[in-house]
């Protein structure tokens with residue numbers, strides 16, 4: 001996992017206050033639209049009405065849906081099952097559903113995300129269509145960040161692209177970061193101490209996911225508000241352009257390979273252990 005350069009966990013959290021707002025009035029995004037211009041106009045007009053102008057250290061949060069629409073990642077609803085198959089690199093679980101409905105598939109998609117239906121989404125999209133996730137959400141976030149830094153004259157600006165996902169062993173859905181730029185996406189506290197002086201050895205906070213989830217509280221699922229601004233997390237926001245200013249991106253949050261403790265079932269893990277010469281407890 002990529003880590004921020006300086007220690008991001010030290011010091012007060014910008015006065016320990018987090019402010020979020022979601023401007024209203026974004027028109028329906030269509031394939032080929034200039035999303036940076038559309039959202040930039042939204043943020044500018046909202047600032048004229050409310051006085052809430054983008055400032056150094058702000059993070060602009062956009063849903064993957066509007067990024068996908070602008071990038072033309074739209075397919076016919078009749079092709080949804082094939083689209084799920086095309087986006088899948090590994091099947092994690094399949095559950096049959098009653099009533100002739102297609103089976104529920106939990107899969108790893110080509111972005112490395114383990115999600116239901118590979119992230120192919122039928123909500124908040126015109127009738128008869130479904131949306132694929134952006135081709136490369138981190139690249140999309142970097143392009144948006146570059147355009148808004150130039151337009152608003154802001155150096156330290158973060159961008160997060162979100163999508164909705166379930167979580168193993170937890171009911172309900174939440175938003176996670178599938179793309180990010182200009183942001184230290186994790187707060188690596190390992191090597192520090194807690195409030196009682198105890199050493200921290202495993203604590204790595206997923207900052208980008210926390211911002212994504214918080215933004216959904218002001219955007220809502222059915223309000224049509226696809227953009228939010230988070231203020232108060234400036235210690236995680238990076239300055240400059242290029243790889244150092246853009247940061248590692250949300251792809252670095254994906255846990256895979258030997259760090260994925262649930263990649264195999266118990267039977268597969270036991271068989272592999274025996275093959276390696278280990279006597280594993282049952």
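Data overview
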{"item": "Only listed residue being modelled with pLDDT of 95 or more, closer than 16 Å to residue 161 by Cα and out of contact with any strand residue (DSSP E or B) (no Cβ under 7 Å at 6 or more places or on another chain), chosen from 38, 20", "result": "38"}
{"item": "Residue in region 169-176 that is crowded, with 19+ Cβ neighbours inside 10 Å, at pLDDT 95 or above and under 30 Å from residue 81 (Cβ atoms) present", "result": "yes"}
{"item": "Exclusive hit being out of contact with any strand residue (DSSP E or B) (no Cβ under 6 Å at 6 or more places or on another chain) and at negative phi, set 183, 173, 217", "result": "217"}
{"item": "Meets criteria (modelled with pLDDT of 95 or more and outside any strand (DSSP E or B)) for residue 223", "result": "no"}
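The values are calculated or read from the model by the stated rules, or taken from the named source; none is laboratory data. Computed from a predicted model, the values in this text were never measured in an experiment. Note: ideal-geometry Cβ built from the backbone for every residue, glycine included; neighbour counts use all protein chains shown.
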